[in-house]
1. For the pair Tyr286 and His420, how long in nm is the line joining their label points, each one 7 Å along Cα→Cβ?
2. Report the residues of region 546-575 in range of a label on Trp493: point 7 Å along Cα→C-beta, backbone N strictly under 18 Å from it.
3. Post the alpha-carbon centroid distance, region 696-740 to region 401-441, in whole angstrom.
4. Summing Lys, Arg as +1 and Asp, Glu as -1, what charge do residues with Cβ under 15 Å from the Cβ of Leu705 carry, Leu705 excluded?
5. With the cut-off at 1.5 for a/c, could you classify region 126-176 from its C-alpha gyration tensor as rounded, prolate or oblate?
6. Distance between the C-alpha centers of region 464-536 and region 134-192? Whole Å please.
7. Over the chain, what is the relative contact order in whole percent, taking alpha-carbon pairs under 8 Å and six or more residues apart?
8. Which ordering of Phe549, Phe610 is given by a fewest-first count of other beta-carbon atoms within 10 Å?
Amino acid sequence: MNRRKILIGALLFPCLIYAQKPAEKADSTTQEDLSLVGVVDASVFDADGEDGSNDASQDINTTVLTAHDIYLNTAAYQLSPMRFRNRGYSNIYEETYINGMPFNDQLRGVFNYASIGAMNILTRHGDQTNNSMPGAFTFGTIGGANNILMRAGDFGRGGQATASFTNRNYYWRGMAQLSTGMMDNGWAVTGLIGGRYSGEGNIQGTFYRNVSYALLIEKQLAGGRHRFNFTTMGSPVVRGQQSGSLQEVYDLTGNNLYNANWGYQNGKKRNAKVVKAIDPTAILSYEGKLSDKVTLNTGLSFHFGKYGNTALNWFDGADPRPDYYRYLPSYFAANGNTEAAAYYEQLWRSGDTSFTQVNWDHMIAANRQNVMNGDGQAIYLVNERRSDLYETTLNATLTAQLTKHNKLTAGLLGRNTVSHQFVKVDDLLGASYVLDIDKYSDTDYPGDNDQRQKDLRHPNRRVYEGGIIDYDFKLHVNSLRGWINNQYSKGHWDAYYGVQLTYTDFFRDGKMQNGHHANNSYGVGVRHNFTDIMLKGGLTYKLNGRHLFQVNTMYGTVAPLANDAYISARYSDETPQGLKSSRIFHIDASYLFSTSKVQGRISVFNTSFFDLTERSTYYYDGVTMVNQVLTGVHKVHRGVEAAASYKLDDHWTLSAAGTVSQYYYANNPEGQFSTDNGKNLSDYAVSETEKVYMRHVMVGGVPQLAGTIGARYFINYWFLGANLNMFGRNFISASPARRVSSRYNGNSQANTPAVTPNNQYYDAYRKFTHQEMFDGGCTVDLSIGKMIYVGRSKSINVNLSFNNIFNKKDVKTGGFEQGRMNLTNPSLFANKYFYMQGFNCFFNVSYKF
């Protein structure tokens, strides 16, 4: 055994530290490159120090090989500027835990990474479960799970200060952390304060103001067998947003990062779309070793999320958005007015911000004019759309080593969520009040049934700054989940299986009685409940400790998210017909390898989603806002992914990772249409229920062909790196509104025949249903870093990275088809795009003491 340890140490030592350096200093490395560390498994060697891979009786432990997944670690970071997502999955299929507590909210199903912004020092420790593999803290999901461990006892005595500069959304970042370490009395305390700031980000009109804090307290008993932790944190932020726009606007301004959201007010830039958010959180957790073979983790968390997003609103006034289609040369050209088209092109190319950006002074002047000569009602105003979240979670996980070869992990989870969603008047822009009625309504019935009213209980209500307007409701979500994972490992075989049962219910509680939905908008609505089961299993054959063959599969049902279940939760309790749980079937197969020089993985995967529900909202000419809900959606995500790392010597490491995939719609689902203002869609040749031709449409907004090739050099605590990143097959996000036949046939009967060449709108049909694929491309990144030791317990870490060094600004990273259409002039409502930032850098220096 001693010889085995000596041999393993000899192999690892040159990878972690250089021969002249003290061993304890290796722990000070805060940004260790995993590709520089050879994966060596002690079980590869038998008791005599020889390769025991051919001994079938020798148990082979492969934890290190499977945990540090080269593909996930490489692709997630290097390809993130292209909006790359693992296997194309939505974020709802990736779970994030903190101290064993789940923090994907029950409303949208995602984790808000801004809630731990500027806390990077505290979020480096954790457990990771890759894809659908079983985990020590969760049943697991197809997109994998991560458990961030923010426990005071995990931080040694001392602290760290970090300062960063970048030219992205924020320019400056600072963090300072101080820890007592585990004291003799069993207590440990860690505190952090941080922040991120930019007066204006890399995109005009954006800005970033953020302060973060965290306090971690731990008490250990019985020599660390019982650990009690209290963690509280928050990261309030205020930031200005960017908008997507039309290619015509980008060309006219000569700027692919043009942002329509800002303009000058009294000589100062002001953004119309500002996010104001804070997520204060408190976690009480316990980890106890009940025996040498049984561990219990349990906790209680409280999470309050206050999220607001401002936006312009207007009544009886011209649309104030500068890139509104009626202000573009193409609008006039389509109508044959070449003189006006030339005039508006000149205005756009002039760079006059009073025209090309939001004109705040004009809106304020219009409101003040109405105060002096009218009744003071707002023509223009700024609303804040709020979505506040109150979430309480109780979680417990038990791990038991039943036998030498058999381990059982089980969990029980209960959650309660209340989401309060409403609109608040943020700024009246000089007006006296705003009248809370539907500006799009053209019906006016006397008495209590006035369809214009946003709240029939308070008709013709005047709302002032800070008051609630438009809609006000709460969504209540409750869930209870129990799960078991059983893992078996002996000799050359590993196997696992698991089962999860989940009960979910939710209901809407309306605080306003909407005039268009008088009977189902106010009060407690229908309670929807779902019982779901998920099964999973996997098998691994270990040819030896360096070569594995693995198969994983998962099948089950998932309840719809409350945020997606309603046709228009803002105004009514109505849900799509036949609302039900979706189904997931997933299977993947992998070959994993690790030798003294090369390690990596090759995988094939196929994931099918059945009975999904999707909703889109858009403006329909002559009607108002229309909600289109797709039910019974079938999607397929399949592909091949591979990654490898080759260690040339003690200094050089080469790596590569990439995927060739397909993410697409596999059927033509049913579409249900509903209007916010209650108008009858059949009057506009639109069926309320109709087949939507989505089959073979590709999932948009994510590259389906992507890869990166990199080289790393390490010597005397210098780290140098370079990467070539490639991507392609990225499609625009398709609009279901363009793929219903009644829009072209002028027939409101459901499931009318598909559009034929003799149709007068056949050319428009071909244009609107052709899904655009963006051009592929590549970028180059460089990085350099240096670790400097000051004595034996202090260090300075300096890192500098350059991304997209050739300043490519013509790379489309996403976009969407507009739901609005004009069959006579199809070019009027062109696609909108987002572009990648050009050259950007990140400089970071940290001092650890």
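1. The two pseudo-label positions are separated by 3.2 nm.
2. 548-553
3. 31 Å
4. Computed value for this residue: +4.
5. Oblate, because a/c is 1.5 or more while a/b does not exceed b/c.
6. Answer, in whole Å: 30.
7. Rounded, it is 10 percent for the chain.
8. Phe549, Phe610
Taken together, the values in this text are just the output of simple stated rules run on the coordinates, not laboratory data. From a predicted model like this one, the values you see are computed outputs, not experimental measurements. Here Cβ is always computed from backbone atoms with ideal geometry, including for glycine, and neighbour counts include all displayed protein chains.
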